[in-house]
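The values are calculated or read from the model by the stated rules, or taken from the named source; none is laboratory data. Here the structure is a predicted model, which is why all the values come from computation and not from measurement. Positions of Cβ are backbone-derived with ideal geometry, glycine not excepted, and every protein chain shown enters the neighbour counts.
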Amino acid sequence: MTATKPAALAALQPQRVLDRCAALAQLTEMDGGLTRVFLSSEQREANRLVLGWMEEAGMRARVDAIGNCVGRYEGEAPGLPCLMLGSHLDTVRDAGRFDGMLGVVGAIECVAALHATGTRLPFALEVVGFGDEEGVRFGATLIGSRAVAGTLDPALLDRADAAGITLRDALAGFGLDPAAIASAARAPDAVLAYAELHIEQGPVLESAGLPVGVVTAINGGNRFQVEVTGMAGHAGTVPMGLRRDALTAAAECALAVERVAAAQAEVVGTVGRIAAHPGAMNVIPGRVTFSLDVRAPTDEKRLAAIDAMRAQFAAIAARRCVDLSLAPLWEAKTAPCAAGMQRQIAAAIHDEGVRVHHLPSGAGHDGMALVDLAPIGMLFVRCAGGISHNPAEAVTLADVATGVRVLLRFVLAFTAPVHS
Ligand SMILES: [Zn+2]
């Protein structure tokens, strides 16, 4: 294998990776932008392209029971357990062209390089293009990767999209059998590990001046709806000292979120949505609702930050004579990247001559589901300005070249079992 390593690296064509991301970006439901949702006709076209690229790269390619593209490149003997690579092919609304797609196309490029140089490994490789990660259509994220991990809740089949089409009907419309989704699940002994290349979607690598980085964990998160109830009143007649203004109380809470999060490294807290009722220029807001989103790379840090925020909210509410309640909307545990995967990805970065930098992922990824199936690892590629979920999302050819070279070095040197 050592002899073929430089040959396989030299066979990589990073420009082709960018060209294929551009081709996928054409498959969109919106004029002048990119939106491609789960089980849409655009996804059907994207799958067709991706399956073709997989076959061209020497893989046996198929669409699984939930609509994911799965390509398999056999190892030194047929039927060996696989190292799974991949990312997602769906997008948010008005998306960039690299979030997800870069990981799928980059993984295919690595297999193409192995195929072109006749390189076989002591394990199989599989590349998966997940059909749903973003959760845009059915309001539930990670449907594709949960199905592969065997953790998809069958009750989701009855979940409807904005047009009233259920997941069950959408699967049937896509030519899939909703009764067969369990067959998308993989046996744990068939998957050695899962590794994903993804754009960072944040500014950390750019500010460190580095093209790639090793992900330590996919941050867990909590979301709450917070409701503050004070007393509505006439904006002209109620003196300042006699007000129970729900909006100014909520504003203090937002500042408390910022203060608590900033005090703890790698904790982030955001109030992204706020609504004042009744919402008139001449009425003191009597009721305010706002969202709270808290994330951190360990569950311990996240829960401690939430406790601190709750305590500050209670103090603010008491001082201002308003009522405050927190309703949990969503919770995800931290998905730690296996220590052995971090070590192997770091070694590949080092071998590429790049300084190794570790960072957590503030965004969610397919690994959050796959961690229930196999050890996970992630490699981040720098993106311009840290901008993502935005048409301005951009990467450079040089960074993509470094990213796929590091991914291929990791694949070539990969050893299992991975100790987490
Ligand atoms: Zn993504």
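Against the condition small (Gly, Ala, Ser), more than 23 Å from the chain's Cα centre (by Cα), within 21 Å of Glu196 (Cβ to Cβ) and surrounded by fewer than 19 Cβ atoms within 10 Å (Cβ to Cβ), how does Gly75 come out, does it pass? Considered against the rule, which asks whether it is small (Gly, Ala, Ser), more than 23 Å from the chain's Cα centre (by Cα), within 21 Å of Glu196 (Cβ to Cβ) and surrounded by fewer than 19 Cβ atoms within 10 Å (Cβ to Cβ), Gly75 comes out as yes. Filtering the stretch 137-165 to residues that are outside any loop (DSSP other than H, G, I, E, B), surrounded by 15 or more Cβ atoms within 10 Å (Cβ to Cβ) and not aliphatic (A, V, I, L, M) leaves Gly144, Ser145, Arg146. A search for C-beta distances below 7 Å between a residue of the stretch 75-92 that is in the same structural domain as Phe130 (by TED's automatic domain parsing) and farther than 16 Å from Gly131 by Cβ and any residue that is of a type in the set (Val, Ile, Thr) and more than 16 Å from the ligand (Cβ to nearest atom), counting only pairs 6+ apart in sequence or on different chains, returns Pro81/Val191; Cys82/Val191; Leu83/Val411.
With the requirement that a residue be among the small types (Gly, Ala, Ser) and under 21 Å from the mean Cα position of the chain (by Cα), what does the stretch 376-419 give you? Result: Gly377, Ala384, Gly385, Gly386, Ser388, Ala392, Ala394, Gly403.
From the list Phe380, Phe410, the lone residue that is aromatic (Phe, Trp, Tyr), assigned to a strand (DSSP E or B), in contact with a helix residue (DSSP H, G or I) (Cβ under 7 Å, 6 or more places away or on another chain) and buried (at least 23 other Cβ atoms within 10 Å of the Cβ) is Phe380. Against the definition (among the hydrophobic types (A, V, I, L, M, F, W, C) and more than 16 Å from the ligand (Cβ to nearest atom)), how does Leu83 come out, yes or no? Spelling it out, Leu83 is indeed among the hydrophobic types (A, V, I, L, M, F, W, C) and more than 16 Å from the ligand (Cβ to nearest atom). State whether the residues of the stretch 95-117 include one that is within 14 Å of the ligand (Cβ to nearest atom), surrounded by fewer than 24 Cβ atoms within 10 Å (Cβ to Cβ), under 19 Å from the mean Cα position of the chain (by Cα) and in a loop (DSSP other than H, G, I, E, B). The answer is yes; a qualifying residue exists.
Listed by first and then second residue, the pairs with beta-carbon distance under 7 Å, at least 6 apart or on different chains, first residue in the stretch 352-372 and part of a helix (DSSP H, G or I), second surrounded by fewer than 22 Cβ atoms within 10 Å (Cβ to Cβ), are Met368/Ala332; Ala369/Thr151. Here is a check on your reading of the model: is Thr216 without any contact (Cβ under 8 Å) to a residue 24 or more places away in the chain and not in a helix (DSSP H, G or I)? It is false that Thr216 is without any contact (Cβ under 8 Å) to a residue 24 or more places away in the chain and not in a helix (DSSP H, G or I). Just one of (1) polar (S, T, N, Q); (2) within 16 Å of the ligand (Cβ to nearest atom); (3) over 26 Å from Ala107 (Cβ atoms) fails for Ser207. It is (2).
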